[in-house]
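The values are calculated or read from the model by the stated rules, or taken from the named source; none is laboratory data. Here the structure is a predicted model, which is why all the values come from computation and not from measurement. A quick note on method: Cβ atoms are made from the backbone with ideal geometry, for glycine too, and the neighbour counts reach across all protein chains shown. Quick note on the areas: whole protein, heavy atoms, side chains included, nothing else; ligands and nucleic acids left out. Shrake-Rupley method; radii C 1.70, N 1.55, O 1.52, S 1.80 Å.
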Amino acid sequence: MNEAKTAVITGASKGMGKTLAKKFYGAGYNLLVCARNETDLNALSEELKFSGTPNSVSYYTADLGDKSQAIEFGNWVLKQGCKVNVLINNAGQFLPGSIYNEKDGIFEQMLAVNLSSAYHVTRVLLPGMMLEKSGHIFNICSIASLNAYPNGGSYSISKFALMGFSKNLREELKPYNIKVTAVYPGAVFTASWEGSGVEPGRIMIPSDIVEMIFSASHLSPQACVEEIVIRPQKGDIL
């Protein structure tokens, strides 16, 4: 790989993850990305490479809700031999429901995809980042991390836990000059909202969140945005 900075982005094939990949790639970053769908990842890779910039993009297909695959992805990143400048734990899944009536297994699935994926990928990459004493980790939480709301169920529980993971990580990594930012987006218009009947002008677009993340990643070394809370102008959609 060349000497450009490197961004590692999970859940990069669609929605906000795809927009994040395009933003960082367009800014000259080398990309190491992951998602479950190889066809979508390949399409993203070809689209970025077609732009003709000298930086690189490589992808890895995995279901990060599976511990072994999350660890394997982290090890694959290490094998690329690059310094990780930005890690964005974006992989996640939303399954609505209430604690009292959601299907058996939803709780474990939400914890695996929304929390454990970030935990295991981060743990594999941290030793190298700590040795370098640099880097920035973004965990894509949710407004569901901040307040309970109808039909939140185990999704909200997992996002509350991801917030706790982020806060603990922030404190632990201060001595190593590694920044940690928890991102709390409200409703963002991605594929999950298509056909919902929500007026497009009522909901945010992926670039709204991406621009905030990108800006936070380019502050001086002595500044860290610990939390980004961003909602639709007219408030949450519940």
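Here are some notes:
- Meets criteria (farther than 20 Å from residue 185 by Cβ, surrounded by 20 or more Cβ atoms within 10 Å (Cβ to Cβ) and touching a residue at least 60 places away in the same chain (Cβ under 8 Å)) for residue 24: no
- Unmet criterion (only one of (1) open to solvent by 30 Å² or more (accessible area, probe 1.4 Å); (2) not in a helix (DSSP H, G or I)) for residue 111: (2)
- Taking residues in the range 217-238 that are within 16 Å of residue 184 (Cα to Cα), and partners anywhere that are small (Gly, Ala, Ser) and modelled with pLDDT of 95 or more, the pairs with Cβ atoms closer than 8 Å and at least 6 places apart or on different chains are 225/216; 226/182; 227/182; 228/182; 228/216.
- None of 94, 107 is closer than 16 Å to residue 144 by Cβ and free of Cβ contacts under 8 Å to residues at least 60 places away in the same chain except 107.
- Selected residue (criterion: nearest to residue 32 (Cα to Cα)) from residues of the range 72-92 that are of a type in the set (A, V, I, L, M) and either under 18 Å from the mean Cα position of the chain (by Cα) or open to solvent by less than 60 Å² (accessible area, probe 1.4 Å) (or both): 77
- Restricting the range 141-170 to residues that are open to solvent by less than 30 Å² (accessible area, probe 1.4 Å) and part of a loop (DSSP other than H, G, I, E, B), the residue that is nearest to residue 81 (Cα to Cα) is 141.
- Candidate set from the range 122-138 (those that are closer than 15 Å to residue 5 by Cα and surrounded by 16 or more Cβ atoms within 10 Å (Cβ to Cβ)); member that is nearest to the chain's Cα centre (by Cα): 137
- Contacts under 6 angstrom Cβ, first residue in the range 118-137 being within 13 Å of residue 169 (Cα to Cα), partner hydroxyl-bearing (Ser, Thr, Tyr), 6 or more apart: 130/176; 136/217
- Residue list for the range 43-58, restricted to those being touching a residue at least 40 places away in the same chain (Cβ under 8 Å) and either surrounded by 20 or more Cβ atoms within 10 Å (Cβ to Cβ) or touching a His at 6+ places or on another chain (Cβ under 8 Å) (or both): 55
- Residue match in the range 123-140 (condition: in a helix (DSSP H, G or I) and among the small types (Gly, Ala, Ser)): yes
- The range 199-210, residues that are touching a residue at least 12 places away in the same chain (Cβ under 8 Å) and open to solvent by 80 Å² or more (accessible area, probe 1.4 Å): 205
- Residues in the range 171-196 that are among the β-branched types (Val, Ile, Thr) and either open to solvent by 60 Å² or more (accessible area, probe 1.4 Å) or at pLDDT 95 or above (or both): 4 in all.
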